[in-house]
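Here is the structure we will look at, set down as structure tokens.
The values are calculated or read from the model by the stated rules, or taken from the named source; none is laboratory data. These numbers were taken from a predicted model, which means no experiment stands behind them. Note that we place each Cβ from the backbone using ideal geometry, even for glycine, and neighbour counts take in every protein chain shown. Remember, those area values only see protein heavy atoms, side chains included, never the ligands or the DNA or RNA. Shrake-Rupley method; radii C 1.70, N 1.55, O 1.52, S 1.80 Å.
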Amino acid sequence: MRVEIPENTSIAVITPGESKAILILPDGTNVNLDRVVDSTDTFIGVAKIKRNEGTILFEEDKRGSEMEYNTVVTPKGGEYHVVLSDGSKVWLNADSKLKFPVNFGEGGREVFLSGEAYFEVTRDTAKPFVVKTGSVNVQVLGTAFNVNAYPEEENVETTLVEGKVRVDGKNEQRILEPGTQLVYDKRRENMVVLKVDTEEYISWKDGYYYFKRETLGRIMDRLSRWYNLNVFYQNEELKSIEFGGRLKRYEDITYLLERMEETQDIKFIIKGNTITVQRKTD
């Protein structure tokens, strides 16, 4: 089965995402962080951009204030690796924003996330690390975890790989152990803790998607951000179809869709950067 592309349609090349982002400095200056062939590192103040690795590293700025903030923004179709001044590592997924102080103060380390990111936090018991999403705060001492906090989604998901975190919601708080996920329902303002296979939620960081009975709606939400697509469904019931398996994150989009068509009664129609999902029998 081949993914359908209507005749007489100008075909847009749909490519997977890549390392690119915008760094917004405290004075409002924007700096493009695009991966280039040139491997020469670039310095912006105390920030070092490793161009051939899609990484930006920050050092403590003795001249700056802890009340000043840097922001790294990834567009749809982008990702970036950020190393904070305390050595903590953050992998930003597509369509995400991380805001963090130029200098962490004496009292703690607070960062602000919109979207999705995987964190490996440098342990410092004197300075707890807190990720603020607007709905929940995730507090850690030293650990590895994933936070999915896209504003348009109904839930905020915190998935713990190792260590221990505390998640504070509006009305309650929970402690997570490795291999668990806290789901915070933004509308009901309640929390549920689940045992999960963490690979399913952090595989994006390692260059592939791992789906374990995941719905088509959720899968296409992820792919639309990564490939910068618009997705439409012939009917809402199609969103609930479940898939399982592994897909390479940097694969051509048509290959991914063809693998999905082979396992279910659906087909994908591509027109430009828009994908319409319908049943094969229609």
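Key figures
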| read-out | value |
| --- | --- |
| Odd one out for LYS267, checked against (1) in contact with a helix residue (DSSP H, G or I) (Cβ under 8 Å, 6 or more places away or on another chain); (2) surrounded by fewer than 16 Cβ atoms within 10 Å (Cβ to Cβ); (3) farther than 27 Å from PRO75 by Cα | (2) |
| Residue satisfying all of: in region 217-247; in a helix (DSSP H, G or I) and acidic (Asp, Glu); surrounded by the fewest Cβ atoms within 10 Å (Cβ to Cβ) among these | GLU236 |
| Some residue of region 126-139 being among the small types (Gly, Ala, Ser) and touching a helix residue (DSSP H, G or I) at 6+ places or on another chain (Cβ under 6 Å) | no |
| Answer from ASP185, ASP168 - the residue that is over 29 Å from THR125 (Cβ atoms) and of a type outside the set (S, T, N, Q) | ASP185 |
| Near pairs, Cβ below 8 angstrom, 6+ apart or cross-chain, from region 222-238 (in contact (Cβ under 8 Å) with a residue 60 or more places away in the chain and within 12 Å of ASN273 (Cα to Cα)) to any residue that is of a type in the set (Ser, Thr, Tyr) and part of a strand (DSSP E or B) | LEU229/THR274 |
| Some residue of region 198-214 being surrounded by fewer than 16 Cβ atoms within 10 Å (Cβ to Cβ), under 19 Å from the mean Cα position of the chain (by Cα) and β-branched (Val, Ile, Thr) | no |
| Verdict on LEU194 being open to solvent by 40 Å² or more (accessible area, probe 1.4 Å) and aliphatic (A, V, I, L, M) | yes |
| Condition check for TYR150: closer than 20 Å to GLN181 by Cα and in contact with a Gly (Cβ under 7 Å, 6 or more places away or on another chain) | yes |
| Region 248-260, residues that are part of a loop (DSSP other than H, G, I, E, B) and either under 19 Å from the mean Cα position of the chain (by Cα) or modelled with pLDDT of 90 or more (or both) | ARG249, TYR250, GLU251 |
| Tally, over region 248-264, of residues that are out of contact with any Gly (no Cβ under 9 Å at 6 or more places or on another chain) and either open to solvent by 20 Å² or more (accessible area, probe 1.4 Å) or over 18 Å from GLY207 (Cα atoms) (or both) | 8 |
| Pair list, Cβ under 8 Å, 6 or more apart: region 1-27 residue at pLDDT below 50, other residue of a type in the set (A, V, I, L, M) and open to solvent by 100 Å² or more (accessible area, probe 1.4 Å) | ILE5/ILE11 |
| Single match in LYS170, LYS205, LYS195, LYS186 (criterion: in contact with a Phe, Trp or Tyr (Cβ under 6 Å, 6 or more places away or on another chain) and among the basic types (Lys, Arg)) | LYS205 |
